[in-house]
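One structure is given here, and the rest of the page talks about it.
The values are calculated or read from the model by the stated rules, or taken from the named source; none is laboratory data. Treat the numbers as computed from the prediction; the structure is a model and nothing was measured. FYI the Cβ positions are ideal-geometry reconstructions off the backbone, even for glycines, and counts take in every protein chain you see. Please note that ligands, DNA and RNA were not included when accessible areas were found on the heavy atoms of the full protein model with its side chains. Shrake-Rupley method; radii C 1.70, N 1.55, O 1.52, S 1.80 Å.
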Amino acid sequence: MTVTKNTILNHQEIQHKIRRIAYQIYESNVSEKEVILAGIDSNGYLLAQKLKASLDNISDINTILCKVIVDKKHPLEEVKTSLKQEDYTNKSIVLVDDVLNSGSTLIYGVKHFLNVPLKQFKTAVLVNRNHKKYPVKADFKGISLSTSIKEHVEVILDGDTFEAFLQ
């Protein structure tokens, strides 16, 4: 049986979505001097890097990248970040991932950041699948899809050509 691949977003569309999300992040943080983009390893972090580049082009807000490591097979294990807790205390944070599927990865990422006082906390995803089993939502999203639970969304953000497709 061959697996078919249906393109959801092509390279140009992904670049457009990244720029639009960057503008939304800027608008919700216009009075901030600094925003932390906390990308969930690995594709979420790649998306955060691209959002940072776009934000740096459109605003004078200092954007800081933070890598968030969540063990997706054992999400109750300790979540690790590339920044120390005091680096994001009382700051505005946007938690970034490529796909919001069931919400489990995002909710464990959110849980980690709730242990410190924050100015503002938002979430951003490129693709929102609407199959949540946890009460987590994407504040900024590139596209929302109604898919079957058996379908899989794959996002490629490294290399020269970006793509999001459904299998």
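In this structure, the pairs whose alpha-carbon distance is over 21 Å, taken from LYS73/LYS122; LYS111/LYS133; LYS17/LYS91; LYS73/LYS141, are LYS73/LYS122; LYS17/LYS91; LYS73/LYS141. Per residue, the solvent-accessible area of segment 104-145 (1.4 Å probe, heavy atoms of protein chains only, all protein chains present) comes to 47 Å².
Based on the alpha-carbon gyration tensor of segment 37-105 and its eigenvalue square roots a ≥ b ≥ c, which shape applies: rounded if a/c is under 1.5, prolate if not and a/b is larger than b/c, or oblate? Don't skip to the answer; put the middle values down first.
Details: a/c = 2.48, a/b = 1.45, b/c = 1.71.
Judged from the Cα gyration tensor, segment 37-105 comes out oblate (a/c at least 1.5, b/c at or above a/b).
In this structure segment 4-63 gives 50 Å² per residue of accessible area when probed at 1.4 Å with all protein chains present. Surface composition of the chain: carbon and sulfur make up 47 percent of the accessible area, probe 1.4 Å.
Work out the length of the dipole vector of the chain about its Cα centre, built from +1 on the beta-carbon of each Lys and Arg and -1 on the beta-carbon of each Asp and Glu, and round it to the nearest 20 debye. Don't jump to the answer; show the numbers that get you there.
Values: 22 positive and 20 negative charges, 101 e Å.
Result for the chain is approximately 480 debye, rounded to the nearest 20.
Share of antiparallel DSSP beta bridges in the chain, in percent to the nearest 5? Of all bridge pairs located within the chain, approximately 25 percent are antiparallel.
With an a/c value of 1.5 or above and a/b not larger than b/c for the gyration tensor axes a ≥ b ≥ c computed over the alpha-carbon atoms, the chain is described as oblate.
How much length is gained on full extension from SER148 to SER82, taking 0.36 nm per residue of separation minus their Cα-Cα distance? Spell out each step's value before the answer.
Numbers: separation 66, 0.36 × 66 = 23.76 nm, distance 3.48 nm.
Full-extension gain reported as 20.3 nm.
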